[in-house]
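Everything below concerns the one structure shown next.
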Amino acid sequence: MSESTGSRSSAHGTSSSAQTRLTSIVSHLRHSSTSHKHKVVVTRNLGPDIMPLLLDHPDLEVITWPEDRVCDRSWFLANLPGASGALVMLSEKINAEALDKAGRTLKVVSTMSVRYDHVDLDAIAQRGVKLGHTPDVLTDAVADLSVMLALMAGRNSKETTSIVQNGEWPNFNWAPFSFCGPQLSASSFSPTRTAGFIGFGRIAQATLARLIPFGFTHCLFTGNPTSNSSSSVASSIQAKYPTLKAVRRVGLDELARESDVVFVLAPGGDKTYHIVNEAFLKQMKKTAVLVNTSRGTLVDSDALIKALREGWLWGAGLDVVEGEPNIGLDHPLVREPRCVVLPHIGSATNESRLGMATLAAQNLIAGVLGEPLPAELKLTK
């Protein structure tokens, strides 16, 4: 009896000891597995279609800003130490402070944006950190919006919708030429239509493609591409769209004088700051429309306000404004009846944002795993 009891006690002790050792081993394995994961910091929740790409990845430990608003700088900096990668928005400044917080473990910064003026390129290059961004994905969305703004500004959409919204339509006194504006498409009265592009990259060329069915006959461009390649680009564009009578690189003065619609689509920066200024605006046709879907700093707001008030051009359609987002109801451009202002929604289609988020996630994953980024901005030290 006692021997049997002792045997059972011994067996129970052995089983308990084995269970403890097994638990310890499992715990060790789990800890070991976690410790070998790459920590990544994500500054916005990218939704149910994209987050599983990161959360379900076996090699990632994902730290995500938990609130649906711009990430607090203090939270971002506090979570950067030891991170292998960071997926950020335009709101996050990637400067020496942030890079020093992350330390030597940081391999990649992936921004969910085409632009990267929130990133200190010199600082990130000096540390050998890769930079991913999301070009091409939003080309069609911005081109669509550019044409939309040209139509809205030319056809007085702001003035006319306000009549309906303010309940003034029932008492409105119609007249034969009430609220008429310049037609975007070619007509028997205006058989020649000229589009002018400040900057002639992917988005500009996609915008031109949308204008061809409207009967545009001439295309003028300045800025990129470089002068060495402009002739070949012009030839290829004209071959692609045989209804175009001319595609030419010109100076800013000629572009201002000849264009029925001027599309501002050049990159931002010191070289293009206020490229559309008072001198440019004074040369535009009185029936012309200015569209800016690039960067607010390219257009001198004060000069544009003066131009609209004095009738140097017909109207303006802006998706970007210098000083945004601090553009209130009292801003002179918002108050101008022939100036349509949108809150920087160029890429705001479901398709574009999903594409941008997917590419940003793919850039992040590739960077932390030491693989080529799908869309990397090449930096030089």
Query raised in the report: Does Ala375 count as of a type in the set (Gly, Ala, Ser), more than 16 Å from the chain's Cα centre (by Cα) and not assigned by TED's automatic domain parsing to the domain that holds Asp49?
Result: no
Requested in this report: Output yes when any residue across the stretch 266-275 is modelled with pLDDT of 95 or more and of a type in the set (D, E, K, R), and no when none is.
Outcome: no
Only one of Gly317, Gly370, Gly323, Gly355 is of a type outside the set (Val, Ile, Thr), outside any helix (DSSP H, G or I) and within 30 Å of Gly85 (Cα to Cα), namely Gly370
All conditions in (1) open to solvent by 20 Å² or more (accessible area, probe 1.4 Å); (2) closer than 23 Å to Ser347 by Cβ; (3) not charged (D, E, K, R); (4) not in a loop (DSSP other than H, G, I, E, B) are true of Val137 except (4)
Ala234 fails exactly one of (1) more than 14 Å from Asp260 (Cβ to Cβ); (2) over 32 Å from the mean Cα position of the chain (by Cα), namely (2)
Flagged in the stretch 96-127 as of a type outside the set (Val, Ile, Thr) and open to solvent by less than 50 Å² (accessible area, probe 1.4 Å), in numbering order, are Ala96, Ala98, Leu99, Ala102, Gly103, Leu106, Ser110, Met112, Ser113, His118, Ala123, Ala125
When the stretch 228-249 is checked residue by residue, the ones that are crowded, with 17+ Cβ neighbours inside 10 Å and either out of contact with any Lys or Arg (no Cβ under 9 Å at 6 or more places or on another chain) or not small (Gly, Ala, Ser) (or both) are Val233, Ile237, Leu244, Val247, Arg249
Of Glu61, Glu67, the only residue that is at pLDDT 55 or above, in a strand (DSSP E or B) and in the same structural domain as Ala361 (by TED's automatic domain parsing) is Glu61
In the stretch 338-356, residues that are charged (D, E, K, R) and either without any contact (Cβ under 8 Å) to a residue 12 or more places away in the chain or surrounded by fewer than 18 Cβ atoms within 10 Å (Cβ to Cβ) (or both) total 2
Apart from one, (1) modelled with pLDDT of 95 or more; (2) within 30 Å of Phe189 (Cβ to Cβ); (3) out of contact with any Cys (no Cβ under 7 Å at 6 or more places or on another chain); (4) assigned to a helix (DSSP H, G or I) all hold for Leu308; the odd one out is (3)
Going through the stretch 159-182 in order, the residues found to be open to solvent by 50 Å² or more (accessible area, probe 1.4 Å) and either in contact with a helix residue (DSSP H, G or I) (Cβ under 7 Å, 6 or more places away or on another chain) or within 19 Å of Ala348 (Cβ to Cβ) (or both) are Trp169, Phe172, Phe179
**Prompt:** Just to be sure, is Leu359 buried (at least 18 other Cβ atoms within 10 Å of the Cβ) and within 15 Å of the chain's Cα centre (by Cα)?
**Reply:** yes
For the stretch 183-218, the count of residues that are over 20 Å from the mean Cα position of the chain (by Cα) and either open to solvent by 70 Å² or more (accessible area, probe 1.4 Å) or β-branched (Val, Ile, Thr) (or both) equals 9
Reported set for the stretch 294-348 where residues are out of contact with any helix residue (DSSP H, G or I) (no Cβ under 6 Å at 6 or more places or on another chain) and among the aromatic types (Phe, Trp, Tyr) is Trp314
Kindly establish whether Thr297 is within 25 Å of the chain's Cα centre (by Cα) and either among the aromatic types (Phe, Trp, Tyr) or surrounded by 18 or more Cβ atoms within 10 Å (Cβ to Cβ) (or both). yes
If you go through Asp100, Asp117, Asp122, the only one that is out of contact with any Lys or Arg (no Cβ under 8 Å at 6 or more places or on another chain), farther than 17 Å from Ala361 by Cα and assigned to a loop (DSSP other than H, G, I, E, B) is Asp117
Within the stretch 259-271, the residues that are buried (at least 19 other Cβ atoms within 10 Å of the Cβ) and under 18 Å from the mean Cα position of the chain (by Cα) are Phe263, Val264, Leu265, Ala266
- Query: Does Ser74 meet the test of being in the same structural domain as Arg104 (by TED's automatic domain parsing), hydroxyl-bearing (Ser, Thr, Tyr) and exposed (fewer than 13 other Cβ atoms within 10 Å of the Cβ)?
  - Reply: yes
Among the residues of the stretch 73-94, the number that are assigned to a loop (DSSP other than H, G, I, E, B) and within 21 Å of the chain's Cα centre (by Cα) is 5
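The values are calculated or read from the model by the stated rules, or taken from the named source; none is laboratory data. It should be emphasised that the depicted structure is a prediction, and the values quoted were computed from it without experimental measurement. Backbone-built Cβ (ideal geometry, glycine too); neighbour counts: all protein chains shown. The area values use the complete protein model at the heavy-atom level, side chains included, leaving out ligands, DNA and RNA. Shrake-Rupley method; radii C 1.70, N 1.55, O 1.52, S 1.80 Å.
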